[in-house]
Amino acid sequence: MEFVQALEKIFTGPVIAFIGAALAAAMAGIGSARGVGLVGEAAAGVVSEDPSKFGKVLLLQALPGTQGIYGLLTWFMVMNQGGFLSGNASAVTTAQGWQFFAACLPIMIVGYYSAYYQGRVSAAGGSLVAKRPEELTKAIVMSAMVETYAILALLASVLTILSIKVG
Amino acid sequence: MDKIHIVGLANDKETIMDSLMKLGAVELSEVTDRSDGSMEPEEPQESTELSANVKYASDLMLRMKNAVELSDKYHHEKKPMFSSMRKVSSDNFMTVVSSIDDVEAKADELQNHTSEITVLNTRIMKNILIAEQLKPWTDVEIKLGDSGTEFVDMVPGTFESIDEVELFRDALRSSASESDVIVLHDNDLSFIRAIVIYHRDLAESIIPIIKGSVFRPLSISSRSGYSGDIYDECVAEIENDRNKIRELTSRCREIAENVQEFEIIYDHASVLFDKSTSQSMILDTDYTFILQGWIPSHLTESVEKALRSEFIIAFQSRKAKTEDEYPILLKNHPLVKPYEVVTDMFSPPSVRDIDPNPIMAPFFLLFFSMMLSDAGYGLILAAGCALLIWKLKVTGSMRSMAMFIFQGSLAAIVWGFLFGGFFGDMITALSSGRFSFPTIWFNPIEDPTRLMIWSVLFGVLHLFAGMLTKAYILIITGKWKDAVFDVFSWIIALTGVGLLLGGPALNLPVLADIGKYMVITGFGVIVLFGGRDSGNPVLRILKGIIGLYDITSYVSDALSYTRILALSLATAVIGMVVNKLGSILGFGFTGIILFIVVGLVGHMLNLAISTLGCYVHTSRLQYVEFFSKFYEGGGRAWDPLSVKMKYIKISNN
């Protein structure tokens, strides 16, 4: 019985919401870091052949970075909706904490994977640009196709967060 | 587009080509049309001369390009990020072109000097290595390459420590007694100098021992002589080479001042190249030539007049036919024109397509601005684009992009007012909630569902515009059945679905009733006529039912537009995060400083990322959702013979 009480003390509503929000920012951020890093390696190769393509490959490298931003955005939405920024945090019940946690799941998971795969597509786009610099837009659009699912996940997360009414 | 044939006198050929180039209105194509058989031209005698011209021009271009690049290297002129073309007066241009040999010589000199510098640099590197190796040996009079006496061979070299020497000496002695290691005792070196001596007859057994040991022999294969002398030689050579490099570099800098001349000759060569390559498309006879080309219909008459007034020619034109696969020149309103680059990046329209730009442009503007939807960001972006267009005068596709982003950012200001976005919620943050930016319509953060519905609604309009265009293409090509059964049926059914869903939400059950009948009608047509090319009635109905499955693609297309909501939220919320971070310290003196710094960096970053995102995702909506409804692409843009310059712009005064 004491164990359960201890658990209840540790896992209060705000804590669970924080874990969700933190994981959303962290996982999407890790994914973006991997993706951007992946493209960066390929981009450095392209630039070593032709430094004038720096601007183009930099654009490609920026693409998988958005998931990290979506993660941060989700984190902010949780903080805002939960009243953590306005000092209203104690009103979050344990159930609502879990709701926030669940709401963070889509961007947490999809953000990570889509950033990684978008990075791979962008890196391939880098070699496309190396051979045919005029086809940059096509490389960008192909890469953006992967991002679609991060956007959908972000929507799912944000709309769920906004449906939780605290207080 | 008109197809033209011009027959002229061989003597006039050069001048006619020049005038065509100046007019810039004709794209030449290879003369292949000899259907009447009346014209059997001889093999073009000039072909070798022609290819020589092409070769000369391309070679000159390459050399000048190298010279320009090298000049940039020597002559660190600060180049603006968006450089505009250098203006050159036509007189100046002619003088430079007339002294072409001179310029060529300079370019060659620059090239030669540069390669010489590279050679010298490698030699310096080599000499430095040798000198470094020899430096500890300068005080020892030892002859390298050929040392020792008649019976004794000497190998100078180094050990790491004295223990190594002992070990090595033992190893040496055990296999060959007539050998020794002489250690030169000096303490200020981090290694130990030693000389291995042995009887020449023992070389066979000694050399493998030396090779397999820690002893590192001093070996300079390229030179022989006393170590001190070689060292001095190397040092002198290094000094000498360095001086030479200095001389050459300063000479190169001098030459690099002439970068403008190289650029002029490059452009001159590129014009020459265009002219020579296009000549290969012309058929020659002994006294005449014939050329064939494409010309936009509205220019045909004026070009004919211009040519006839100067030359004796036969000029014939006819309207291009669809099977001609003629090149495309789009004619659009100046406001729509910039959007052509968006379509061209997908693929320029083919002969069978209709120009998608006028339909696409308003939607592009709408979606781009909705995604950005911030008055502050819109203002900055508009100012940036205006700077690019009117101050820096960028050209080509850069100008087009700046142009449509300019339009989009102006519209984004409007959306900023509608949604209450001004650098996120900067006004609210600065006034600690006392004031906020006017929200004319609604705030997407407070009511995201509403914006989602509107996004999908606008998206469905976009899809319908694409489908109606498809219907239009089908009707003008006489396939009205396809238009009715495959396109209108879906438009009716999808509108019905929309009413069915929207009616109850708007408390208008009548709409839902109408919607129900529209869905039934639409689906009925699809089931009955979707498989109309199949003769078997059962199969036909089955095919029709399977056709209903397309609903999934329409639904996923429509839902794809929810990205408008997501990106608009992203822009707004990141802006809010920046404001929040900036106001952590309140609004005292340090607080304001922090707000300004964080605001500048954060909002600029957000603006850059959001603009990229808005552009990319708006493009995607056009390419994937919209173009897939009716657009094929695969055409070729009209590329007339004209004076194309890369670096300079010739002004006549």
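The values are calculated or read from the model by the stated rules, or taken from the named source; none is laboratory data. Note that the structure is predicted; figures quoted are calculated from it, not measured. When we count neighbours, we look across all protein chains shown, and the Cβ atoms used for this are built from the backbone with ideal geometry, even at glycine. What goes into the accessible areas is simple: the full protein's heavy atoms, side chains included, and nothing from ligands, DNA or RNA. Shrake-Rupley method; radii C 1.70, N 1.55, O 1.52, S 1.80 Å.
Would you confirm whether any residue within region B:293-305 is at negative phi and over 39 Å from the mean Cα position of the chain (by Cα)? Yes, there is a match, as at least one residue in region B:293-305 is at negative phi and over 39 Å from the mean Cα position of the chain (by Cα).
One residue stands out among those in region A:147-167 that are within 7 Å of chain B (Cβ to nearest Cβ) and in contact (Cβ under 8 Å) with a residue 40 or more places away in the chain: the one that is surrounded by the most Cβ atoms within 10 Å (Cβ to Cβ), which is A:L154. Please tell me if B:K55 is at negative phi and at pLDDT 85 or above. Taking the combined requirement at face value, the residue satisfies it.
Which is open to solvent by 40 Å² or more (accessible area, probe 1.4 Å) and either at pLDDT 85 or above or over 25 Å from B:C234 (Cβ atoms) (or both), of B:S179, B:S84, B:S90? Walk me through how you get there before you give the answer.
Details: B:S179 fails: open to solvent by 40 Å² or more (accessible area, probe 1.4 Å); B:S90 fails: open to solvent by 40 Å² or more (accessible area, probe 1.4 Å).
Only one candidate qualifies: B:S84.
The set of residues in region B:278-298 being open to solvent by 50 Å² or more (accessible area, probe 1.4 Å) and in a helix (DSSP H, G or I) consists of B:H298 alone. Would you point out the residue of region B:315-345, among those that are open to solvent by 50 Å² or more (accessible area, probe 1.4 Å) and in a strand (DSSP E or B), that is farthest from B:Y615 (Cα to Cα)? Top of the filtered list is B:Q316.
Look at (1) crowded, with 18+ Cβ neighbours inside 10 Å; (2) within 14 Å of chain A (Cβ to nearest Cβ) and you find that B:G396 fails only one, number (1).
With the condition kept exactly as written, say whether any residue in region B:385-392 is touching a residue at least 24 places away in the same chain (Cβ under 8 Å) and of a type in the set (K, R). Checking region B:385-392: not a single residue is touching a residue at least 24 places away in the same chain (Cβ under 8 Å) and of a type in the set (K, R). Does B:R223 satisfy the condition of being open to solvent by 30 Å² or more (accessible area, probe 1.4 Å) and touching a Phe, Trp or Tyr at 6+ places or on another chain (Cβ under 6 Å)? Here the answer is no, as B:R223 does not meet what is asked.
If a residue has to be small (G, A, S) and either open to solvent by 30 Å² or more (accessible area, probe 1.4 Å) or facing chain B (nearest Cβ under 10 Å) (or both) to count, how many in region A:52-88 make the cut?
At the first step, the residues of region A:52-88 found to be small (G, A, S) are A:52, A:55, A:62, A:65, A:68, A:71, A:82-83, A:86-87.
Pick out the ones that are also either open to solvent by 30 Å² or more (accessible area, probe 1.4 Å) or facing chain B (nearest Cβ under 10 Å) (or both) and you get A:52, A:55, A:62, A:65, A:86-87.
Qualifying residue count, region A:52-88: 6.
Please work out if B:G424 is surrounded by 22 or more Cβ atoms within 10 Å (Cβ to Cβ) and within 14 Å of chain A (Cβ to nearest Cβ). Yes, satisfied.
Considering (1) within 18 Å of B:I265 (Cα to Cα); (2) at pLDDT below 85; (3) of a type outside the set (F, W, Y), the lone condition that B:P44 does not fulfil carries the number (1).
Of the helices (runs of 4 or more DSSP H) contained entirely in region B:535-653, those carrying at least 2 residues that are surrounded by 14 or more Cβ atoms within 10 Å (Cβ to Cβ) and away from every other protein chain (no Cβ under 14 Å) fall at B:537-547, B:551-560, B:589-620, B:627-630. Taken over region A:133-146, the criterion of being within 7 Å of another protein chain (Cβ to nearest Cβ) and among the β-branched types (V, I, T) is satisfied by A:T137, A:I140, A:V141. Of all residues in region B:532-574, those being charged (D, E, K, R) and under 32 Å from the mean Cα position of the chain (by Cα) number 2.
Is it true that B:L451 is open to solvent by 30 Å² or more (accessible area, probe 1.4 Å) and within 29 Å of B:V336 (Cα to Cα)? Step through it out loud before you land on a result.
Values: open to solvent by 30 Å² or more (accessible area, probe 1.4 Å): no; within 29 Å of B:V336 (Cα to Cα): yes.
For B:L451, the condition - open to solvent by 30 Å² or more (accessible area, probe 1.4 Å) and within 29 Å of B:V336 (Cα to Cα) - is not met.
With the structure loaded, tell me whether B:A236 is surrounded by 20 or more Cβ atoms within 10 Å (Cβ to Cβ) and not hydroxyl-bearing (S, T, Y) or whether it fails that test. Before the answer, list the steps.
Values: surrounded by 20 or more Cβ atoms within 10 Å (Cβ to Cβ): no; not hydroxyl-bearing (S, T, Y): yes.
So B:A236 does not fit the description; no.
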